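What follows is a single structure, written as structure tokens, with notes after it.
The values are calculated or read from the model by the stated rules, or taken from the named source; none is laboratory data. Just so you know, these numbers come straight off a predicted model, no measurement behind them. We place every Cβ from the backbone using ideal geometry, glycine too, and count neighbours over all the protein chains shown. These accessible areas exclude ligands, DNA and RNA; they are computed on the full protein's heavy atoms, side chains included. Shrake-Rupley method; radii C 1.70, N 1.55, O 1.52, S 1.80 Å.
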Amino acid sequence: MIRGVLFDLDETLLDRTRSLNRFLHGQYARFQAAFQHVAPETFEQRFCELDQRGYVHKSQVYSTLLTEWKINGLTTEQLLADYRTSFSDHVEGNACWHAVLIELRKRGYQIGIITNGETAFQMANMRTMGMHSLVDHILISEQEQVRKPDPMLFQRGAQRLALSEEECLFVGDHPYNDIQGARQVGMKTAWFQNGLDWPAELARADVEIDKLADLLSMLDQPSW
Ligand SMILES: [Mg+2]
């Protein structure tokens, strides 16, 4: 029986693509003097290519951009500092994230978030949205010193909720880091599709959803 729901953050509860686009729009404007010879669309498009959906560190992304566009008078550190301080001003959740968390609480589920990333950065994003106050526990890889898909992080998530792994449902968008990681410790899994294809070589998640609200009807079923 499922008694707790653990969520991934980026591209699951948080609409990272949309948040990133909004942030990049603002960052381009803040540093426009240095990017005069780069069109705003080019800035956003090239950033997203290099960023690989968030899996490449931003110091590497900015360093490459500055080199490619031969920009002097602006440093990787300046752009990275701006990313760290301003991104959270632009965050948006995926549709119904708030209503889903409220309803899960009402139904008595323990709720947690397990995310890879820097602690201060991810906490700022969740605080802006008021998300931190709607969940019981938050595990961030930097603070926990272990990253998804390491089984230890998933096991720790279940421990924090005071549940067994089998009593937890993990909801995430990444086939390996989220679904495979959670499954290997015995959690039930829900893949939030988010427009990606499932890798052919990997066993599929227990359920697949394309909107967070689907979780509510799914958890209603007696088989869960
Ligand atoms: Mg994710």
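Quick notes on this structure:
- The single condition among (1) in contact with a strand residue (DSSP E or B) (Cβ under 7 Å, 6 or more places away or on another chain); (2) surrounded by 16 or more Cβ atoms within 10 Å (Cβ to Cβ) that Arg3 does not meet is (2).
- Residue match in segment 143-155 (condition: open to solvent by 60 Å² or more (accessible area, probe 1.4 Å) and either of a type in the set (Gly, Ala, Ser) or within 15 Å of the ligand (Cβ to nearest atom) (or both)): yes
- Residues of segment 40-54 satisfying the condition of being open to solvent by less than 40 Å² (accessible area, probe 1.4 Å) and more than 21 Å from the chain's Cα centre (by Cα): Phe43
- Remark: pairs (first residue in segment 168-191, at pLDDT below 95; second residue buried (at least 20 other Cβ atoms within 10 Å of the Cβ) and aliphatic (A, V, I, L, M); Cβ separation under 8 Å; 6+ apart in sequence or on different chains) are absent.
- Test: Asp89 is charged (D, E, K, R), surrounded by fewer than 16 Cβ atoms within 10 Å (Cβ to Cβ) and outside any loop (DSSP other than H, G, I, E, B): yes
- Every residue from segment 49-76 that is within 20 Å of Thr17 (Cα to Cα) and touching a helix residue (DSSP H, G or I) at 6+ places or on another chain (Cβ under 7 Å): Leu50, Asp51, Gly54, Val56, Lys58, Ser59, Val61, Tyr62, Leu65
- The set of residues in segment 108-128 that are within 16 Å of the ligand (Cβ to nearest atom) and either in contact (Cβ under 8 Å) with a residue 60 or more places away in the chain or open to solvent by less than 10 Å² (accessible area, probe 1.4 Å) (or both) comprises Gly112, Ile113, Ile114, Thr115, Asn116, Gly117, Gln122, Asn125, Met126.
- Checklist (1) under 20 Å from the mean Cα position of the chain (by Cα); (2) away from the ligand (no atom under 16 Å from the Cβ); (3) closer than 14 Å to Ile113 by Cα applied to Gln159, failing item: (1)
- Residue match in segment 198-205 (condition: in a helix (DSSP H, G or I), outside the structural domain of Asp51 (by TED's automatic domain parsing) and touching a helix residue (DSSP H, G or I) at 6+ places or on another chain (Cβ under 7 Å)): no
- Within segment 162-186, considering residues that are within 16 Å of the ligand (Cβ to nearest atom) and assigned to a loop (DSSP other than H, G, I, E, B), the one most open to solvent (accessible area, probe 1.4 Å): His174
- Residue in segment 3-14 that is in the same structural domain as Ala190 (by TED's automatic domain parsing) and touching a Lys or Arg at 6+ places or on another chain (Cβ under 6 Å) present: yes
- Residues within segment 81-100 that are more than 16 Å from Phe121 (Cα to Cα) and within 17 Å of the chain's Cα centre (by Cα), tallied: 6
- Some residue of segment 135-142 being assigned to a helix (DSSP H, G or I), surrounded by 17 or more Cβ atoms within 10 Å (Cβ to Cβ) and either on the phi > 0 side of the Ramachandran plot or assigned by TED's automatic domain parsing to the domain that holds Gly186 (or both): yes
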